[in-house]
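The values are calculated or read from the model by the stated rules, or taken from the named source; none is laboratory data. Computed from a predicted structure; not experimentally measured. A quick note on method: Cβ atoms are made from the backbone with ideal geometry, for glycine too, and the neighbour counts reach across all protein chains shown. Just the protein is used for accessible areas: all its heavy atoms, side chains included, with ligands, DNA and RNA removed. Shrake-Rupley method; radii C 1.70, N 1.55, O 1.52, S 1.80 Å.
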Amino acid sequence: MTDFLTIDGMSRVDLQRLLDATRANVSIAEGRAAGRSSLAGLVIANLFFEDSTRTRCSFETAVHRLGGSVLNLSPTGSSINKGETLIDTAHNIACMGVAAIVVRCAVSGGAKMVADAVACPVINAGDGRHEHPTQALLDVATLLEEFHSVEGRTIAIVGDITNSRVARSTTHALTTLGARVRLVGPPTLVSPAFERITKGPGSVQTMSNLDAALEGIDAVIMLRVQFERAAGGAISSDYRSMYGLTQERASRMPPHALIMHPGPINRGMEIDDGVADDPIHSRILRQVTIGVAARMAVLENLLAPSLVLEGVSA
Ligand code: CP
């Protein structure tokens, strides 16, 4: 692998290798075990053209845990605010000898554009509506902590599917590993065409009735309505009652079912406080911890691949 841009097209073997490496990194991500020095002397550039808390901070933490250094760039305080383009910015940062560029941008396909323009490895930290591959990795790794395998498991992903790069990447990963995915939301935000994105042995079903979709599930991943992508115009005033994970609705889910959300959360919109903070079922903060482990795995896979291939971190 020279870049990490999508889950779409990734083989089950490659995905499983990254998931194994992620699992092996969890104790370091938790701060319980010492990190490694596999990235010592390397500078990783975080180019975030869109806002981020979890992804940016967890890439930064992952680099620190592996002994590297981080260069952070965002529109505020940089020449991006003067109109410098994504590609010109990437070219200039690449010239500073960075080992890899982590990029988040509003343009679907923007990470690939950067990868085509620079010589160093590029990691997609979320590009428009397209993909968010490290989120998929951490989502599946979080499920695997509980279920050991997702094969045959039923996972509902609920909300603004049309605008969600998380839904795309996580669906690709889950179906590659044999899970049954239910994509759930109002017809304005979930097209039946999504059923065609099935990979490998898994399946994708689109549904508009949330109560029916929650029957028999093993986990539900709630999504934020992405008002910044004009999704607000596609939802009605009864969105919470129809598609929100309320306390009452969550109480009817199978007792073992996990509750997940990539964040940030619109509390009281797609999920109620008591559900998001449920100490038994919610894995929302656990996803954040595992996100550091997943990003460590991706960074080492690109920059110190022998460690991942030889299972040194396992
Ligand atoms: N899940 C996620 O991508 O969160 P951020 O936008 O805060 O990075």
Which helices (runs of 4 or more DSSP H) does region 189-289 wholly contain that include 3 or more residues that are touching a residue at least 12 places away in the same chain (Cβ under 8 Å) and more than 16 Å from the ligand (Cβ to nearest atom)?
-> 210-213, 239-243, 247-251
Subset of region 103-132 (residues that are hydrophobic (A, V, I, L, M, F, W, C), in contact with a strand residue (DSSP E or B) (Cβ under 6 Å, 6 or more places away or on another chain) and within 16 Å of the ligand (Cβ to nearest atom)) = Val103, Cys105, Ala111, Ile123, Ala125
When (1) among the hydrophobic types (A, V, I, L, M, F, W, C); (2) in the same structural domain as Ala141 (by TED's automatic domain parsing); (3) at pLDDT below 95 are applied to Met253, the one that fails is (3)
Which one of the conditions (1) away from the ligand (no atom under 16 Å from the Cβ); (2) open to solvent by less than 30 Å² (accessible area, probe 1.4 Å); (3) β-branched (Val, Ile, Thr); (4) under 24 Å from the mean Cα position of the chain (by Cα) does Val43 fail to meet, given that it meets all the rest?
-> (2)
Looking at this structure, is Glu84 of a type in the set (D, E, K, R), assigned by TED's automatic domain parsing to the domain that holds Ala106 and in contact with a strand residue (DSSP E or B) (Cβ under 7 Å, 6 or more places away or on another chain)?
-> no
In region 17-34, what residues are open to solvent by 40 Å² or more (accessible area, probe 1.4 Å) and either in contact (Cβ under 8 Å) with a residue 12 or more places away in the chain or at positive phi (or both)?
-> Arg17, Asp20, Arg23, Glu30, Gly31
Residue check, Gly202 against (1) over 30 Å from Cys120 (Cβ atoms); (2) open to solvent by 50 Å² or more (accessible area, probe 1.4 Å), all met but one. Which one?
-> (2)
Does Ser58 satisfy the criteria of being within 16 Å of the ligand (Cβ to nearest atom), crowded, with 20+ Cβ neighbours inside 10 Å and either under 24 Å from Thr289 (Cβ atoms) or free of Cβ contacts under 8 Å to residues at least 12 places away in the same chain (or both)?
-> yes
Across (1) among the β-branched types (Val, Ile, Thr); (2) more than 17 Å from the chain's Cα centre (by Cα); (3) open to solvent by 40 Å² or more (accessible area, probe 1.4 Å), Val98 clears everything bar (3)
